[in-house]
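As structure tokens, the structure follows; a few thoughts come after it.
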Amino acid sequence: MKQAKKVTARHEKVDRAKMYSADDAMKLVIENATSKFDESVELHVRLGVDGRQADQQVRGTVVLPNGTGKTLRVLVIAKPDKQEEAKKAGADHVGGEDIVQKIVSQNWLDFDVCITTPDMMGVVGRVAKILGPKGLMPNPKSGTVTTDVTKAVNEAKGGKVEYRLDKGNNVHCLIGKVSFGSDKLVENFNALINAIIKAKPSAAKGTYLKNVVLTSTMGVGVKVAVVI
């Protein structure tokens, strides 16, 4: 009963029909995050595109100015010279064909981001069917296939997030923790929403941002008004 009362109280604070400014929406999200743990704050956007069409795909990356609050485990698959560079940059796991074999034989996936160099894509391709469904397959568009291993590792550790359409033409992204406070979370929100706006496909017609919602892990969704 106590839990039900908490949920009801959260819903009562939010006008589900109202479009709030980013500042006001974020304050409501933080106010409704009453769990005992530090809740994550997420951005959910429904886009006016048709992801089934190749010319209406929306995908990219952005480095959030205040990070995500999540410590990512980074794997780098590269040849020996780049392996040393990756270790110095702070990668959690580094290897070559041995790592690929470990993924194949042990279904080892103890990492959040996989970075590789172009000359190793042939090797990494052997585990594409394993990494792909988990969203871990390196891709040039996300900056995870690169010769600049140091930059890629630093960005992954520093709050780089990837946004992409799901099957329902929605984008879902973590933008931080409640403990960041409203100002930092709004900065992260602005960085991500601006990146999504800039990624609008030229083939997209009509309203691009159909629905923009902010919420915390256990909180209520708050609609945000965004003017393009």
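The values are calculated or read from the model by the stated rules, or taken from the named source; none is laboratory data. Since the structure is predicted, the reported quantities are computational estimates derived from the model, not experimental observations. Here the Cβ is made from the backbone with ideal geometry for all residues, glycine too, and neighbour counts use every protein chain on show. Surface areas here come from the heavy atoms of the whole protein model, side chains and all, with no ligands, DNA or RNA. Shrake-Rupley method; radii C 1.70, N 1.55, O 1.52, S 1.80 Å.
Observations, loosely collected:
- Anisotropy class of region 101-176 from Cα gyration tensor, a/c 1.5 cut: oblate
- Projecting label points 7 angstrom from Cα along Cα→Cβ for Asp38 and Ala225 puts them 3.3 nm apart.
- For Ser202, solvent-accessible area (1.4 Å; no DNA, RNA or ligand), Å²: 110
- Coordinate range along principal axes, alpha carbons of region 1-134, Å, largest first: 57, 40, 31
- Highest-first arrangement of 62-69, 111-118, where packing means the average Cβ count within 10 Å: 111-118, 62-69
- 222 nm mean residue ellipticity, helices alone, for the chain (DSSP H n ≥ 4; -39,500 (n - 2.57); rounded to 500): -10000 deg cm²/dmol
- Note on region 8-120: Lys pairs 8 or more places apart or on different chains, Cα atoms under 15 Å apart, count 4.
- Qualifying trypsin sites (Lys or Arg not before Pro) for region 30-80 [loop in DSSP, other Cβ within 10 Å: at most 16]: Lys36, Arg52, Lys70, Arg73
- Distance from region 176-228 to region 117-156 (C-alpha centre basis), Å: 27
- Sum of side-chain charges, Met120 neighbourhood, beta-carbon under 9 Å (Lys, Arg +1; Asp, Glu -1): 0
- Electrostatic bookkeeping for Lys210 treats Lys and Arg as +1 and Asp and Glu as -1; over the other residues with beta carbon under 13 Å from its beta carbon, the sum is +3.
- Rounded to 0.05, the FRET efficiency of the Gln101 and Arg59 pair, given R0 = 25 Å and the Cβ-Cβ distance, is 0.25.
- Region 164-220: Lys pairs at Cα distance under 21 angstrom, eight or more positions apart or on different chains: 6
- Shape summary: region 93-228 maps onto an equivalent ellipsoid whose semi-axes, from the alpha-carbon gyration tensor, are 32, 18, 15 Å in decreasing order.
- Averaging the sequence gap over all C-alpha pairs within less than 8 Å and six or more residues apart, then dividing by the number of residues, gives the chain a relative contact order of 41 percent.
- Here the chain is treated as a Stokes sphere of Kirkwood radius computed over C-alpha pairs; at 20 °C and 1.002 mPa s its diffusion coefficient rounds to 112 µm²/s.
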